[in-house]
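This report refers to the structure that appears directly beneath it.
The values are calculated or read from the model by the stated rules, or taken from the named source; none is laboratory data. Bear in mind that the values here come from a model prediction, so they are computed numbers and not experimental data. Cβ sites come from the backbone with ideal geometry, for glycine too, and all protein chains shown count toward neighbours.
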Amino acid sequence: MQISLSTSKKGAPTLLKGRILAHLGKALIVEDDAGNTARCKKRSQLEQPAVGDYVEWIRTEHDAGRVEKILERDSLLSRPSKNGKTRPVAANLDQIVVILAVKPNIDPLLLDQYLIVCEFQKIAPLIALNKVDLLDDESRKSIDELVLI
């Protein structure tokens, strides 16, 4: 089966725009503007991509390609890696859902850390409380008062 790849008038591959949906080892799943996905590799000198990154990529086969450029990010969540550097986890987020169990007790410092990250990155937080059905009436009242803050 022969696959025809789109090229520009000069014969160079056409740059497509897309968004990274998943990062699976060295493979990146990129969705194009039409909603089609392709399994891509990244250029070796390219910075580490994150799920949610908008990218420019070229199609190398029908359902495969290579990410050429990571476009500017609106936000980035990262975490420390084993070598002491930071590793990007997710980019261009609109909202973060923080899910906390009410039993055992909510850790207010952990919640503060999540809210600080959201504020710093300008990402809207949504706090979801889990296991509220396990609360007695007094504990439920305390949680209700906390939610009003």
- In segment 102-121, the residues that are within 23 Å of the chain's Cα centre (by Cα) and surrounded by 10 or more Cβ atoms within 10 Å (Cβ to Cβ): 110, 111, 112, 113, 114, 115, 116, 117, 118, 119, 121
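When residues of segment 43-58 are filtered for being among the basic types (Lys, Arg) and under 18 Å from residue 22 (Cβ atoms), how many remain? Give the derivation first.
First, the residues of segment 43-58 that are among the basic types (Lys, Arg): 43.
From what's left, under 18 Å from residue 22 (Cβ atoms): none.
Of the residues in segment 43-58, 0 are among the basic types (Lys, Arg) and under 18 Å from residue 22 (Cβ atoms).
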- β-branched (Val, Ile, Thr), out of contact with any Asp or Glu (no Cβ under 8 Å at 6 or more places or on another chain), part of a strand (DSSP E or B) and under 18 Å from residue 14 (Cβ atoms) - does that describe any residue in segment 57-75? yes
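So for segment 77-97 (the condition being in a strand (DSSP E or B), modelled with pLDDT of 85 or more and closer than 30 Å to residue 138 by Cβ), does at least one residue qualify? It would help to see each step written out before you state the result.
Step one: filter segment 77-97 for residues in a strand (DSSP E or B), giving 77-80, 86-91, 95-97.
Within this subset, residues satisfying the condition of being modelled with pLDDT of 85 or more are 77-80, 86-91, 95-97.
Now drop any that are not closer than 30 Å to residue 138 by Cβ, which leaves 97.
Taking every residue of segment 77-97 in turn, at least one turns out to be in a strand (DSSP E or B), modelled with pLDDT of 85 or more and closer than 30 Å to residue 138 by Cβ.
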- Query: Only one of 39, 66, 43 is in contact with a Ser or Thr (Cβ under 7 Å, 6 or more places away or on another chain) and more than 22 Å from residue 94 (Cα to Cα); which?
  - Reply: 66
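With more than 20 Å from residue 12 (Cα to Cα) and either touching a His at 6+ places or on another chain (Cβ under 6 Å) or not hydroxyl-bearing (Ser, Thr, Tyr) (or both) as the only criterion, which of 87, 43 stands out?
Testing whether each residue is more than 20 Å from residue 12 (Cα to Cα) and either touching a His at 6+ places or on another chain (Cβ under 6 Å) or not hydroxyl-bearing (Ser, Thr, Tyr) (or both) leaves just 87.
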- How do the pairs read when you match residues in segment 112-136 that are assigned to a helix (DSSP H, G or I) with residues anywhere that are not β-branched (Val, Ile, Thr), using Cβ under 6 Å and keeping only pairs 6 or more apart or on different chains? 115/125; 118/125; 121/75; 134/103
